[in-house]
Every structure is written in C-alpha cells, then in structure tokens.
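Contents: one structure, followed by commentary.
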Amino acid sequence: MLVSDDDMSDVLAVLADETGAAHRAAHEYMDDLTKSVLAELMGQSEAKSATEREQWARAHQTFRDHLAKVGKFAKLDYEWRQRYAAANAKMEVWRTQNANARAAERVR
C-alpha cells in the first residue's frame with residue numbers, strides 16, 4: 001500500500017492547517033506594498049528626472065530591506081503551497097488505492 005490510512009491523518013492535518021494561508025496573505029500584502037514603498041522613496045529623492053528618482057529609490061537600503069522581506073514571505077508561501085500539493089497528491093493516491101480495492105472486491 002503506497003498511502004496508508006495513518007498517512008491520511010497527516011494529509012488532513014496539513015490541509016486543515018491555516019498557516020499556509022497566513023503566509024500567502026503576508027506574501028501578497030508585502031508584494032502589493034512594494035509599489036508604495038518605491039513611490040514613497042521616490043518622493044524623498046531630490047533628483048530631477050523620474051528615472052533618477054526611481055534609481056535612487058531602488059538603490060535605497062529601505063527598498064532593499066523591503067525586497068528581502070518580500071522574498072522571505074514568498075519562500076514561506078511557496079513552501080506551504082508545495083506541502084498542500086504533496087498532501088493533495090497523497091490523497092489522490094489513497095483514493096485510487098481504495099477505489100481499486102473496492103473494484104477488486106466486486107470482481108471476486
């Protein structure tokens with residue numbers, strides 16, 4: 001048996017865990033905030049052209065720190081997405097195993 005009934009309790013625990021949703025929400029929020037952080041920094045720049053203001057803002061430590069946070073939240077988000085995908089795959093294997101077992105019983 002590839003996936004046992006005990007494995008299914010682990011699968012259900014992963015699927016019921018809301019930690020992944022929190023990480024996804026944080027990632028999306030931080031990603032959405034990026035344009036605001038950039039605009040705020042551009043407003044602080046004393047450069048004359050928009051291109052120079054944007055370059056200054058993108059090079060600013062505050063913006064780089066923000067991008068690092070976005071990356072951290074993205075990593076957590078994608079880790080949880082992988083956990084959910086793996087749990088769903090195990091559930092599908094378990095369903096198939098059980099369907100095949102039921103079909104084999106009917107044939108006998």
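Observations
- Equivalent-ellipsoid semi-axes for the range 3-108 (Cα gyration tensor, √(5λ), whole Å, largest first): 50, 11, 8.
- Lys, Arg +1 and Asp, Glu -1 on Cβ, resulting dipole of the chain about Cα centre, debye, nearest 20: 320
- Candidate lysines - alpha carbon under 23 Å from Lys69, same-chain residues fewer than 8 apart omitted: Lys35
Every number here is computed from the coordinates shown, using simple stated rules; none is lab data. Source: prediction; values computed, not measured. Here Cβ is always computed from backbone atoms with ideal geometry, including for glycine, and neighbour counts include all displayed protein chains.
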